[in-house]
Amino acid sequence: MTIPAESTFEPANNDASLSDHNESYQALVWRRLRRSFTGMMGLILVTMLLVMAIFAGFFAPMEPNLSTESFMPPDALRILDKDGGLVTPRIYPLVETGEFDPVTFQPLTGPDFENPRRLVLFARGFEYRILGLVPSTIHLFGTSDGEPVHLLGTDKLGRDILSRAIYGARISLTIALTVVSIVTIVGTTIGMMSGYFLGSFDVWMQRFVELVLAFPQLPLYLALTSLIPVTAPTNVFLVFVIVVMSALGWAQMSREVRGKTLALSRIEYVKAAMAIGATDRRIIFQHILPNVMSHVIVAVTLAIPNVVLLESFLGFLGFAVKPPLISWGLMLQDTSNYSVIGSYPWILSPVAFVLITVFAFNALGDGLRDAIDPY
């Protein structure tokens, strides 16, 4: 009996299904994250913030501590000349027009079309070191003639706000990432051990966690940071702030991880590992930790903006970092006077960096939460 040609058996092409079936968990999370618009936007913004902080000298157009004229308004960036013609991007310094605002009686300013400065990419400026090693004078942008450029104006001491905000990202993000790293390691370890071993260890540990959570954190922050003498080195002050934030922040992470561990310890594969004689260390780090990490990763992305906000608030009150260090909170000290804000509103520019950072990490955390959740 012959088999007709049209009914010849051919192996089915299951490459797509096999690739989906063999897809790793990390690849599955990445594929889900790419489908999230807010998650990808947050990832892009977070990457840009980290790159800006690492290579702050390249992105900053001016030396952050260089003083010029105080409270200079932002330079006007335009691609049109005074006649409306299209030109290359140029900087027009703002000058007084001779008129006054009828409400505030402040002198009005306008672009000085008679003295434009051409904006160029990869301009030469002050010397800095890439990653603290390689000296360079190339910056992302600047003027062709090397004149100062103040896209966000200057502060009360005549320092460029944009450059200081870019350099301030280093301290603010360093504090946030360091504090969250310590909180995550300590909180996750204690939470898993407390939820797995239970017994008297869990009872005493949870009472200690409740004691830490019961402290009013803001007054305690102010009290502890005020213990450092004003003459202390800036590095000592920075380390002390990180230690205080970490010591008061790990308890909440520990409580959340303990709850996840209590649920995971009742799952069949954990009980099977106990039945065959697996060690506690293997069960905790091989079976429980990988399943807790999905919650920890999301908690980390949501905790970083909280630390950034806390550092900005403490810096505004003068309890975070001290000069010559630069942080967004320290820059916001100039906004403590309402009359100054009304006359020079551009000094609020660091708020935009804080808002972008908070939005970026929250959007990334929201996207990761949906991507990591297997259901």
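Read-outs: derived from the displayed coordinates by stated rules, not from any lab. What you are looking at is a predicted structure, and each value in this text was computed from that prediction instead of being measured. Here Cβ is always computed from backbone atoms with ideal geometry, including for glycine, and neighbour counts include all displayed protein chains.
If R0 equals 30 Å, the separation of the Cβ atoms of Ala278 and Asp202 corresponds to a calculated FRET efficiency of about 0.90. Each Cα pair under 8 Å and six or more residues apart adds its sequence gap; the mean of these over the residue count of region 318-375 is a relative contact order of 24 percent.
Averaging 1/r over each pair of different alpha-carbon atoms in the chain and inverting the result gives 24.8 Å, the Kirkwood hydrodynamic radius.
Using 0.36 nm per residue and subtracting the Cα-Cα separation, the extra length available between Phe215 and Val243 on full extension is 8.5 nm. Taking the number of Cβ atoms within 10 Å of each Cβ as an exposure proxy, the fewest-first ranking of Val203, Val29, Val340 is Val203, Val340, Val29.
For the pair Val358 and Ser336, a Förster radius of 22 Å applied to the C-beta separation gives a FRET efficiency near 0.55, rounded to the nearest 0.05. In a fully extended conformation the segment linking Leu66 and Leu133 would gain 21.9 nm over its present Cα-Cα distance, using 0.36 nm per residue. Shape summary of region 60-159, radius of gyration then Dmax from alpha carbon positions: 15.7, 53 Å.
The H on the amide N of Ala320, modeled in the peptide plane, is under 5 Å from the matching H of Gly315, each at least 5 residues off or on a different chain. Using Cα centres only, tell me the gap between region 248-276 and region 300-375 in whole Å. Centre-to-centre (Cα) distance: 33 Å. Contact order, relative form, for region 142-231: 9 percent (alpha carbon pairs under 8 Å, 6 or more residues apart, mean separation divided by residue count).
For Lys156, the residues whose amide H sits under 5 Å from its own are Phe71, ignoring neighbours fewer than 5 places away on the same chain, with H placed 1.01 Å from N. If you take every residue apart from Thr188 with its C-beta less than 12 Å away from the C-beta of Thr188, what net charge results, scoring Lys and Arg +1 and Asp and Glu -1? Overall, the nearby charge balance is +2.
Spin-label pair Phe37-Thr189: with each label point 7 Å from Cα along the Cα-Cβ axis, the two points sit 4.3 nm from one another. Near Arg78, the amide H atoms lying under 5 Å from its own belong to Arg90, Tyr92; only residues 5 or more places off or on other chains count, and H is placed 1.01 Å from N. Counting neighbouring Cβ atoms within 10 Å and putting the fewest first, the residues His295, His139 line up as His295, His139. Taking the 0 to 90 degree range and rounding to the nearest ten, how far is the long axis of helix 25-34 tilted relative to the main principal axis of the chain, both from C-alpha atoms? Helix 25-34 sits roughly 40 degrees off the main axis of the chain.
The value of relative contact order for the chain, using C-alpha pairs under 8 Å at least six residues apart, is 21 percent. Over region 194-279, the ratio between the Cα radius of gyration and 2.2 N^0.38 Å evaluates to 1.57. The simple Förster model, with R0 at 25 Å and r as the Cβ-Cβ distance, assigns Ile44 and Ser181 a FRET efficiency of 0.65. Each part gets one Cα centre, and for region 140-155 versus region 28-85 those centres are 15 Å apart.
Going from the residue with the fewest nearby Cβ atoms within 10 Å to the one with the most, Ser226, Ser327 rank Ser226, Ser327.
Relative to the longest principal axis of the Cα atoms of the chain, the long axis of helix 289-317 makes an angle of roughly 20 degrees. Using a simple spin-label model with pseudo-atoms 7 Å out from Cα toward Cβ, Ser24 and Ser144 lie 5.0 nm apart.
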